[in-house]
Amino acid sequence: MSWNFETDSDFQEQLNWIEVFTRDEIEPLDLVFRGPGDPFDPDSAAARAMAPLKEEVKSRNLWACHIGPELGGGGYGQVKLGLMNEILGRSRFGPTVFGCQAPDSGNAEILAHFGTPEQKEKFLRPLLDGEIASCYSMTEPQAGADPAEFSCVATRDGDDWVINGEKWFASHARFSEFLLVMVVTNTDVPIHQGASIMLVEKGTPGMEILRNSAVGPYVEQGDGVHAYIRFTDCRIPAENLLGEEGKGFLVAQTRLGGGRVHHAMRSVAVLKKAMDMMCERVLSRTTKGELLANKQLTQEKIADTYTQILQYRLHVLYTAWLIDKHKEYNREVRKEIAAIKAATPKILQEVIYRAMHLHGSLGMSDEVPLMNMWANIPELGVVDGPSEVHKVTVARTVLRDYEPSPDLFPTYHTPTKRAAAMAKYGHFLN
Ligand SMILES: Cc1cc2nc3c(=O)[nH]c(=O)nc-3n(C[C@H](O)[C@H](O)[C@H](O)COP(=O)(O)OP(=O)(O)OC[C@H]3O[C@@H](n4cnc5c(N)ncnc54)[C@H](O)[C@@H]3O)c2cc1C
């Protein structure tokens, strides 16, 4: 197994370009377009502003890098995508300008794997071209973290499936051309064998958006992008079942694994941005006759921040490398994905709090981006599953490699081990 912490020089050149492009062309969008749907809604004014930027990205072969070349993407794999995302994540618009925004990136992977040729032509092609948006809808108002509580069902009726039930927090549904909806198709078996994913086209009779919630108190209530949806006898054709009936969670794994890593990759960008602000500030502010940067308690904050970010970043890149190596979400890969997913809100809390604190009143004002960053942390602890659930995955996988002690005392019990060591080397003492 080879280990390498270097980026090849051609790709490093691309990264250098991405860095300048993100700073000069993309980050200003955040200051102009502040609506929650702006980075994702293909009909927004922001989409028109992004159009020429997308063309530039395409001309440099950096568009939709997570997708294979056969579908028009760069096929760069997760490590390169990680290195890109730790720059793009500085802006809400970065991933969209580069064609790798959630949830479209994962939905495209599902369609590429499981869609019919007609579905690929109608939805996948424009999705990959960034012309339409899509939604992935699994959570229900009474059940998120525990799928066993899901009750939105689809029953077979002739050549159709008929969906009845409710979905909650379906991001971007309100401007999506299609939704991938997790439904229960067999109530007689455990949910992991009885759920399926169906493609529901925008405007299908029987699908109604009851309201759109927002995260945080930023907009008028109901003007967010997370839809509360009701399905009432919503009829879709049989071929809109993606993958096999009952294999919905297997199908979902195609996108959820990648999605969780991408959140973490973008979080590296946010963390670095917070550290940049922290460092500039402490080198600029004088108090009690010296720069903040010269005070040891500040230096401890800088050192801890640097070390934590580097550790987290390496863990994220290691996980990306594992995915590229195994090309599947096997147990080893899932353990690392779950570990970084659970680590993400914790490191963000610590680093962003420190950055705000070192800025004093300015840090919590609306005149620097830190408060916005702070407000976005809690969602990373629940989106794609709460931290507790991921920690359980990590712990269970770790424990699989261990066995209980065969004796009353542990295998590392010093008196027992010393007796064995004495039998081996004790004669040298005489
Ligand atoms: C910004 C945002 C966007 C989202 N977008 C989508 C989307 O596009 N599509 C979609 O389907 N869903 C989406 N969700 C929903 C998300 O997937 C759910 O919030 C998540 O799965 C948790 O479900 P819940 O909110 O119902 O919380 P619950 O299941 O009610 O859990 C609440 C809390 O209970 C505790 N808990 C739960 N289970 C356990 C356990 N096993 N052990 C210990 N404690 C536990 C945890 O503290 C957890 O945070 C989004 C959420 C957010 C915040």
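Every read-out reported here was derived from the displayed coordinates using simple, explicitly stated rules and does not represent laboratory data. Because the structure is predicted, anything quoted here is derived from the model rather than measured. Here Cβ is always computed from backbone atoms with ideal geometry, including for glycine, and neighbour counts include all displayed protein chains.
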TODO: Send over the semi-axes of region 345-430's equivalent ellipsoid, whole angstrom and largest first, taken as the square roots of 5 times the C-alpha gyration tensor eigenvalues.
DONE: 52, 21, 7
Task: Which of 125, 92, 48 has the fewest Cβ neighbours within 10 Å, and the rest in rising order - done: 48, 125, 92
Open item on the list: Pairwise over distinct Cα atoms, reciprocal of the mean inverse distance: report the Kirkwood radius of region 209-288 in Å, one decimal place.
Closed with: 17.8
Open item on the list: I'm a student and want to see the number: the projected area of the Cα convex hull of region 5-130, averaged over all directions, in nm².
Closed with: 7.8
Task: Low-density loop cleavage sites - GluC sites (Glu not before Pro) in region 46-140, where at most 13 other Cβ are within 10 Å (DSSP) - done: 131
TODO: Starting from the Cα of residue 325, draw a straight line to each of the lysines and keep only those under 18 Å, dropping any in the same chain fewer than 8 residues away.
DONE: 80, 335
- [ ] Let me know the charge dipole size of the chain about its Cα centre in debye, to the nearest 20, where only the beta-carbon of Lys, Arg (+1) and Asp, Glu (-1) is charged.
- [x] 1680
Task: residue 32-residue 143 FRET efficiency (beta carbon distance; Förster radius 35 Å; 0.05 resolution) - done: 0.35
TODO: Compute the length gained on full extension between residue 230 and residue 326: take 0.36 nm times their separation in residues and subtract their Cα-Cα distance, giving the result in nm to one decimal.
DONE: 30.7 nm
Task: Contact order relative to length of region 282-430, as percent, for alpha carbon pairs under 8 angstrom and 6 or more apart - done: 18
Task: At 1.002 mPa s and 20 °C, Stokes diffusion of the chain via Kirkwood alpha-carbon radius, µm² per second - done: 90
Open item on the list: As an exercise, use a Förster radius of 35 Å and the Cβ-Cβ distance of residue 204 and residue 61 to find the FRET efficiency, rounded to the nearest 0.05.
Closed with: 0.45
Open item on the list: Given an 8 Å cut-off on Cα distances and at least 6 residues of separation, report the relative contact order of the chain as a percent.
Closed with: 13
- [ ] Once you have the Kirkwood Rh of region 133-242 from its Cα pairs, apply Stokes-Einstein at 4 °C and 1.567 mPa s and quote D in µm²/s.
- [x] 92
Task: Pairs beyond 19 Å (Cα-Cα), from 202/247; 341/391; 58/272 - done: 202/247; 58/272
Task: At most 13 other Cβ within 10 Å, DSSP loop - chymotrypsin sites (Phe, Trp or Tyr not before Pro), region 123-230 - done: 218
Task: Mean ellipticity per residue at 222 nm, deg cm²/dmol - from DSSP H runs of n ≥ 4 across the chain, formula -39500 (n - 2.57) - done: -14500 deg cm²/dmol
TODO: Would you mind calculating the gained length between residue 416 and residue 193 on full extension (0.36 nm times residue separation, minus the Cα-Cα distance), in nm to one decimal?
DONE: 75.4 nm
Task: 288, 391, 80 arranged by Cβ crowding within 10 Å, fewest neighbours leading - done: 288, 391, 80
Task: At 0.692 mPa s and 37 °C, Stokes diffusion of region 249-399 via Kirkwood alpha-carbon radius, µm² per second - done: 198
